[in-house]
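A.B. asks: Handing you a structure now.
The values are calculated or read from the model by the stated rules, or taken from the named source; none is laboratory data. No experiment lies behind these values; they were computed from the predicted model shown. Here the Cβ positions follow ideal geometry from the backbone for every residue, glycine too, while neighbour counts run over all protein chains shown. For accessibility, only protein heavy atoms count, side chains too; no ligands or nucleic acids. Shrake-Rupley method; radii C 1.70, N 1.55, O 1.52, S 1.80 Å.
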Amino acid sequence: MAFKLTYATMSNPPQEMHDKFDLALENVKQQLGQEYPMIINGEKRFAEEKHRAYSPINTNLHLATFQKGTAKDADDAVAAAKAAFPHWSSMNWEERVYLMRKFADRISTRIYEISAAVSLEVGKNRMEALGDVAETEDLIRWAADMMEQNSGFRKPLGSDPLIGMSSSNESVLKPYGVWVVIVPFNFPASLAGGPVGNALVAGNTVVVKPASDSSWASTLLMECAQEAGIPAGVLNLLTGSGSTLGNALTANQDVSGLTFTGSLEVGMDIYRQFANRKYPHPVILELGGKNATIVSKNADLDLAAEGVMRSAFGLQGQKCSATSRVFVEKPVYDAFVNKLVANTNAIKIGDPTQRENWFGPVINRKVYQDYAGYVAELAASGRILTGGTHITDGELANGYFCAPTVVADVPLEHRLWKEEMFLPIVMVSPVDDLNQAMELANDVDYGLTAGFVGDQVEAEWFFDHIEAGTVYSNRPQGTTTGAWPGFQSFGGWKGSGSAGKNGGGYYYLPLYMREQSRTRVKQA
Ligand code: NDP
């Protein structure tokens, strides 16, 4: 069977993937320091102020320079998208599906180059970076497939029982208009490409704004869209400060809908601001997580320790789906913790673009400093079992490297059991039984992912009681991470998301459309 890259299969890729990545990395490194424009109505747009982006792996490495867009640029991008809407939305859906598949094909052709850029700009290891870009392609294809499987979402409704007349009724889903997509730093390809792909397939036109820390991936995706022949104005790219552009975009009355992926705090601000208009408009929020893994006394402890280690420390704990809390039944607590610490100590830390390293830096100086603050606070009320320090050996001193950290004995009422740290820190606690574990797991404002390790009957009980949108049992590849479009639809409950429908699943694409019921009555 041909190798299919997903987050769950990436631990043992064919050699060819490494060779191609190495080659692309070399090429990308030869071209560092370029300046990239924003793209508005198919044209390059430069701003007076610039943002120089450096790698978190080595802050001496100037990756690229991006524009710091202004409120005027945001308004121009919305105006361009509005002007492009009539043509794009009135195309046959088959034509849009065709163009979006070409877009995915272009990403596929450039996957190694884009992944090398993602690895350098976010500090992802090479397989995580390849996963991010491959997922982008799959999310776009999935959106196109859903449009096709649903025949463009034109479906007959029943005929009313009218005497002497016939009534033929139909449900049609139609796009809204200009859709804004705001992207977080950690999955700069897939969390741009996924929402953008769905919004565009549905017939909306889009303004996308990547995070300041990772604007490169979106910029390269934009090039792919242009190469695929997506018409000018249909997809517009803004780079620059979240608050400047965010305020301008949420205030713009020509914006019809918005997808924001990022922190709960910023997401709730946007939610409130976006409500401040004449009538309600759709907002899709994909927010943070405080994801728990529950380990039963019947668990395979090797599997549990492997899966927790991978989910707590993959991408340096900076996944919305990362495991940050582990509740373990008392009889197996010590044995589990010993294995988790041993696995953590075996993690290969270093330049994550290199094949041998699994664990890289955190994204920027601010969170690097936050890490020290959290560790100090946790050490004051609990025990750091491993980690807890910045890593400053040799070349790593030039980047934002923080040791993967396991913390025990923190009282369960401590605030950090409930707040997202978004860093490589996992907290563990013994519990009396699974009921207590479930109560603790659900007692947070978030509900994104959750994991369970135990027997099959317990696992079904876990699925029935856990309050989270993406849940797993007995998964050594990651107890709470690694969803892939078409295999695991991905989304959050409670403070982790507003849609109630998961990306890469069956019900996501219709969020980008509104329904029109059409009744045609004729005399019989
Ligand atoms: P932030 O909330 O800090 O930023 C997300 C995006 O919002 C960035 O593009 C940022 O721009 C922009 N932004 C910031 N302020 C505003 C504003 N006032 N108005 C509009 N946009 C604004 O999140 P991070 O980038 O730090 O990402 C990490 C967070 O994202 C974590 O909480 C994580 O759990 C969550 N996340 C959720 C996922 C999910 O699917 N549920 C997936 C991935 C991450 P700028 O960078 O310029 O500040």
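A.B. asks: Give the residue that is surrounded by the fewest Cβ atoms within 10 Å (Cβ to Cβ), with candidates limited to residues of the range 270-283 that are more than 7 Å from the ligand (Cβ to nearest atom) and either under 23 Å from the mean Cα position of the chain (by Cα) or assigned to a strand (DSSP E or B) (or both).
C.D. replies: Arg272
A.B. asks: Quick test for you: out of Ala305, Ala312, Ala299, pick the one residue that is part of a helix (DSSP H, G or I) and either more than 16 Å from the ligand (Cβ to nearest atom) or over 19 Å from the mean Cα position of the chain (by Cα) (or both). Explain how you work it out, then say what you get.
C.D. replies: Values: Ala312 fails: either more than 16 Å from the ligand (Cβ to nearest atom) or over 19 Å from the mean Cα position of the chain (by Cα) (or both); Ala299 fails: part of a helix (DSSP H, G or I).
Step by step, each of Ala305, Ala312, Ala299 is checked, and only Ala305 is part of a helix (DSSP H, G or I) and either more than 16 Å from the ligand (Cβ to nearest atom) or over 19 Å from the mean Cα position of the chain (by Cα) (or both).
A.B. asks: Just one of Gly267, Gly257, Gly289 is near the ligand (Cβ under 10 Å from one of its atoms) and either open to solvent by 20 Å² or more (accessible area, probe 1.4 Å) or outside any helix (DSSP H, G or I) (or both); which is it?
C.D. replies: Criteria check complete, one pass: Gly289.
A.B. asks: On to the next question. Just one of (1) open to solvent by less than 50 Å² (accessible area, probe 1.4 Å); (2) over 23 Å from Met438 (Cβ atoms); (3) in contact with a His (Cβ under 8 Å, 6 or more places away or on another chain) trips up Val367, so point out which.
C.D. replies: That leaves (3) as the condition not met.
A.B. asks: Here is a list of conditions, (1) more than 30 Å from Gly388 (Cβ to Cβ); (2) part of a loop (DSSP other than H, G, I, E, B), and Glu460 meets all of them except one; can you say which number that is?
C.D. replies: (2)
A.B. asks: Does the range 202-240 hold any residues that are among the aliphatic types (A, V, I, L, M) and away from the ligand (no atom under 16 Å from the Cβ), and which are they?
C.D. replies: Here is the first cut: in the range 202-240, the residues among the aliphatic types (A, V, I, L, M) are 202, 206-208, 211, 217, 220-222, 225, 228, 230, 232, 234-235, 237-238.
Ala202, Leu220, Ala225, Ala228, Ile230, Ala232, Val234, Leu235 - these are the residues of the range 202-240 that are among the aliphatic types (A, V, I, L, M) and away from the ligand (no atom under 16 Å from the Cβ).
A.B. asks: Sticking with this one: I'm trying to understand the selection: among the residues of the range 131-171, which are β-branched (Val, Ile, Thr) and within 30 Å of the chain's Cα centre (by Cα)?
C.D. replies: Val133, Thr136, Ile140
A.B. asks: If I ask for residues that are outside any helix (DSSP H, G or I) and either within 12 Å of the ligand (Cβ to nearest atom) or in contact with a Ser or Thr (Cβ under 7 Å, 6 or more places away or on another chain) (or both), which ones from the range 315-326 would you list?
C.D. replies: Gln318, Lys319, Cys320, Ser321, Ala322, Thr323, Ser324, Val326
A.B. asks: Next question. Looking at the range 462-473, which of its residues are in contact (Cβ under 8 Å) with a residue 12 or more places away in the chain and open to solvent by 70 Å² or more (accessible area, probe 1.4 Å)?
C.D. replies: Once the filter is applied, which keeps residues that are in contact (Cβ under 8 Å) with a residue 12 or more places away in the chain and open to solvent by 70 Å² or more (accessible area, probe 1.4 Å), the range 462-473 yields His465, Glu467.
Residues are listed down the side, and each one gets a yes or a no for (1) aromatic (Phe, Trp, Tyr); (2) assigned to a strand (DSSP E or B); (3) within 13 Å of Pro424 (Cα to Cα); (4) more than 16 Å from the ligand (Cβ to nearest atom):
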site	(1), (2), (3), (4)
Asp334	no, no, no, yes
Asp351	no, no, no, yes
Gln354	no, no, no, yes
Asn357	no, no, no, yes
Val362	no, no, yes, no
Asp370	no, no, yes, no
Ala376	no, no, no, yes
Glu395	no, no, no, yes
Tyr400	yes, no, yes, no
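A.B. asks: Just give me the residues in the range 437-461 being open to solvent by less than 10 Å² (accessible area, probe 1.4 Å) and within 30 Å of Ala134 (Cβ to Cβ), in sequence order.
C.D. replies: Gly447, Leu448, Thr449, Ala450, Gly451, Phe452, Val453, Ala459
A.B. asks: Of all residues in the range 292-309 being open to solvent by less than 70 Å² (accessible area, probe 1.4 Å) and in contact with a Lys or Arg (Cβ under 7 Å, 6 or more places away or on another chain), which is nearest to Tyr508 (Cα to Cα)? First the steps, then the outcome.
C.D. replies: Step one: of the range 292-309, the residues open to solvent by less than 70 Å² (accessible area, probe 1.4 Å) are 292-296, 299, 301, 303-309.
Subset that is in contact with a Lys or Arg (Cβ under 7 Å, 6 or more places away or on another chain): 292, 301, 305, 307.
Values: Ala292: 25, Leu301: 36, Ala305: 33, Gly307: 28 Å.
The extreme case among them is Ala292.
A.B. asks: Go through the range 468-498 and give me each residue that's more than 15 Å from Tyr446 (Cβ to Cβ) and among the small types (Gly, Ala, Ser).
C.D. replies: Listed by number, the residues that qualify are Ser473, Gly478, Gly482, Ala483, Gly486, Ser489.
A.B. asks: Filter the range 488-524 down to the residues that are in a loop (DSSP other than H, G, I, E, B) and among the aromatic types (Phe, Trp, Tyr) and list them by number.
C.D. replies: Answer for the range 488-524, where residues must be in a loop (DSSP other than H, G, I, E, B) and among the aromatic types (Phe, Trp, Tyr): Tyr506, Tyr507, Tyr508.
A.B. asks: Also: With respect to Leu385, determine if the residue is outside any helix (DSSP H, G or I) and surrounded by 14 or more Cβ atoms within 10 Å (Cβ to Cβ).
C.D. replies: Values: outside any helix (DSSP H, G or I): yes; surrounded by 14 or more Cβ atoms within 10 Å (Cβ to Cβ): yes.
In short, yes.
A.B. asks: Moving on. Any idea which of (1) within 21 Å of Gln516 (Cα to Cα); (2) open to solvent by 30 Å² or more (accessible area, probe 1.4 Å) is the one Ala143 doesn't satisfy?
C.D. replies: (2)
A.B. asks: Still on this model: Output the number of residues of the range 1-52 satisfying the condition of being farther than 27 Å from Tyr368 by Cβ, assigned to a loop (DSSP other than H, G, I, E, B), small (Gly, Ala, Ser) and modelled with pLDDT of 95 or more.
C.D. replies: Residues meeting the conditions: 2.
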